[in-house]
Amino acid sequence: GDYGEALRRVLEQRSFMHRVEAEASTPEEALTAARLGVDAVLLDNMSPDEVRETILLLEREGLRSRIVVEASGGITPENIAEYAATGVDVVSTSYPLLYPARVDLSMRMRRLDHC
């Protein structure tokens, strides 16, 4: 299907109480979504350089100030600061859910004679 056409259909059907966030895999998709009037764009699995490029494209077209930009996908404790420095509004990661810190738990049991 056509990315832009799908977004147009969603935007035509939204009510004034709903916001629309579009997922974009490329800077071009993000620009298309912003031009169509989405409220937010989620930059999915883009490198920090691609995120910076997307921010610059949005700024050049005068669209950056009216849209929330979120970076997601492939973000780890090691690279989150680099993503945060790109100019996005939000950085989201599922890292803590996918790779939780391990905790070694043990339990000691003893018989209670008075029960």
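The values are calculated or read from the model by the stated rules, or taken from the named source; none is laboratory data. Just so it is clear, the model here is predicted, and its values are computed rather than measured. Here the Cβ is made from the backbone with ideal geometry for all residues, glycine too, and neighbour counts use every protein chain on show.
Can you tell me which residues in segment 76-89 are among the β-branched types (Val, Ile, Thr) and modelled with pLDDT of 95 or more?
Hits for segment 76-89 are ILE80, THR86, VAL88.
Kindly check whether there is at least one residue in segment 32-39 that is crowded, with 16+ Cβ neighbours inside 10 Å and either in contact (Cβ under 8 Å) with a residue 40 or more places away in the chain or not in a helix (DSSP H, G or I) (or both). Yes. Of all residues in segment 57-69, those that are touching a residue at least 40 places away in the same chain (Cβ under 8 Å) have Cβ atoms under 9 Å from Cβ atoms of residues that are surrounded by 18 or more Cβ atoms within 10 Å (Cβ to Cβ), 6 or more apart or on another chain, in VAL68/VAL41; VAL68/VAL88. Return the pairs, sorted by first residue and then second, in which the second residue is surrounded by 10 or more Cβ atoms within 10 Å (Cβ to Cβ) and not hydroxyl-bearing (Ser, Thr, Tyr), the first residue lies in segment 94-115 and is closer than 30 Å to ALA71 by Cα, the beta carbons are less than 7 Å apart, and the residues are 6+ apart or on different chains. If the second residue must be surrounded by 10 or more Cβ atoms within 10 Å (Cβ to Cβ) and not hydroxyl-bearing (Ser, Thr, Tyr), the pairs left are TYR95/ILE75; TYR95/PRO77.
For segment 70-84, taking the residues that are surrounded by fewer than 14 Cβ atoms within 10 Å (Cβ to Cβ) and without any contact (Cβ under 8 Å) to a residue 12 or more places away in the chain, the one that is nearest to the chain's Cα centre (by Cα) is identified as ALA81.
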